Amino acid sequence: MSIETSKKNSLHTEREIKAQPRLWKETYSLLVNQRKEISHYLAPIIKKEDLRIILAGAGSSAFIGESAQGIIQKQTNRITQPISTTDLVTHPESYFLKNTPTLFISFARSGSSPESMEAVRLADQYCDDIHHLIITCNKDGELADYASQTKSPCYSIVLPEETNDKSLAMTSSFTCMLLTTILISDIENIKGKEKYVDAIIDQGKTIINSQDIFQEIVKNNFERVVFLGSGEMLGIARECHLKLQELTDGQVICKHDSFLGFRHGPRAVVNANTLIVYLFSDDPHVFKYEKDLAEDIAKDLREIRSIAVGNIPEVHLPNSNKILIETTHNNPLQAVPITIVGQLLGLYKSLNMGLDPDNPSVSGAINRVVQGVVIYKRQ
């Protein structure tokens, strides 16, 4: 089933997925234009030798931190931890360190979820030396204006309005916030990163232009999908997992894991109606481990179907569709375009199942902005 022949009149999800390569360039330009201001704010903070960086968000916004953690830690040489706001709100004393200087980076599409606001307030309460950096897609969200509500140092980066997705599932908002945090963690060298931005734009277009592969795959009656990734791709695997599960209203059960971790028990989830999506690394050393697992699964007599994604011309797997993209080793932005794989798989499977990708939750249990969360003040 193609989007064009769908009975749906309007699909924000499709438009937002396909707009991403263009929005990555716009986001890069915005950050270059703000380079001096961002650097002026961040440079003295990063120089603190005992600095701790926390990457915080909820849902997909939390997975931005999981994907970016290793890259930011390498670029700043500062301890960096992704911690979901949903954990911080209930157990702040387990995560905040009162006497440790902390850069608290908040990710939020709308900036209106109760957990986002409570997390920054708790950071102010539990840390004596706290610095806020807010990355959001909504200039009108409460989080974007937090600088006027706190006495702590705070800098907000509001991304282009078009990144504030109208559909239920986060797509362009996720990749643009991920791109932003990686770029600003090495803001002094951002102008030298343009070649990497251009590379992921080409890769994103390649994946989008592979839509025929996704349209054909979703015709198969798979009931489970497993996304596998290593390093920063593990965070992307988790985001892909959520995207497909959201867009199919939970009717397709998804899991994610690392390639090596999958061997230690989680592989038991695989049955004859499982699709495995391999998000292969561009690191030759890491790839050896990943290729071993993929080839081992290919020997399964149940003929497990798969999608293989990456710069992998030498990988030959039976019952597999391959999406070849040209990658450059050591491109710190490499995880950004790979996210589109889960987005497109979710989009086309949603349509194949007769759902509306913009609002796939038939029961209304899942909403664009989380509903029903009551914030309780700690005694």
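Data overview
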{"item": "Tabulated pairs, the stretch 314-327, first assigned by TED's automatic domain parsing to the domain that holds residue 212, second among the polar types (S, T, N, Q) and in a strand (DSSP E or B), C-beta under 7 angstrom, 6+ apart or interchain", "result": "317/306; 319/306; 320/306"}
{"item": "Residue match in the stretch 278-288 (condition: in contact with a Leu (Cβ under 7 Å, 6 or more places away or on another chain) and either surrounded by fewer than 16 Cβ atoms within 10 Å (Cβ to Cβ) or not in a loop (DSSP other than H, G, I, E, B) (or both))", "result": "yes"}
{"item": "Members of the stretch 135-179 found to be under 30 Å from residue 205 (Cβ atoms) and in contact with a Phe, Trp or Tyr (Cβ under 8 Å, 6 or more places away or on another chain), listed by number", "result": "135, 136, 174, 175, 176, 177, 179"}
{"item": "Subset of the stretch 71-95 [touching a residue at least 60 places away in the same chain (Cβ under 8 Å), in contact with a Ser or Thr (Cβ under 8 Å, 6 or more places away or on another chain) and of a type outside the set (Ser, Thr, Tyr)]", "result": "71, 72, 75"}
{"item": "Residue in the stretch 300-310 that is touching a residue at least 40 places away in the same chain (Cβ under 8 Å) and surrounded by fewer than 22 Cβ atoms within 10 Å (Cβ to Cβ) present", "result": "yes"}
{"item": "Residue match in the stretch 49-62 (condition: without any contact (Cβ under 8 Å) to a residue 24 or more places away in the chain and surrounded by fewer than 22 Cβ atoms within 10 Å (Cβ to Cβ))", "result": "yes"}
{"item": "Residue match in the stretch 299-312 (condition: at pLDDT below 95, of a type in the set (Ser, Thr, Tyr) and within 30 Å of residue 360 (Cα to Cα))", "result": "no"}
{"item": "Total residues in the stretch 60-112, condition charged (D, E, K, R), under 18 Å from residue 184 (Cβ atoms) and over 19 Å from the mean Cα position of the chain (by Cα)", "result": "1"}
{"item": "Top-ranked residue of the stretch 132-152 - restricted to ones that are β-branched (Val, Ile, Thr) and under 18 Å from residue 65 (Cβ atoms), ranked as surrounded by the most Cβ atoms within 10 Å (Cβ to Cβ)", "result": "136"}
{"item": "Given (1) farther than 18 Å from residue 60 by Cα; (2) within 20 Å of the chain's Cα centre (by Cα); (3) among the β-branched types (Val, Ile, Thr), index of the condition residue 248 fails", "result": "(1)"}
{"item": "Some residue of the stretch 254-264 being in contact with a Gly (Cβ under 7 Å, 6 or more places away or on another chain), surrounded by fewer than 24 Cβ atoms within 10 Å (Cβ to Cβ), of a type in the set (Asp, Glu) and closer than 28 Å to residue 199 by Cα", "result": "no"}
{"item": "Options 106, 113: the member that is modelled with pLDDT under 95, small (Gly, Ala, Ser) and surrounded by 24 or more Cβ atoms within 10 Å (Cβ to Cβ)", "result": "113"}
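The values are calculated or read from the model by the stated rules, or taken from the named source; none is laboratory data. This is a predicted model, so every value here is computed, not measured. Glycine gets a Cβ as well: all are built from the backbone with ideal geometry, and neighbour counts include every protein chain shown.
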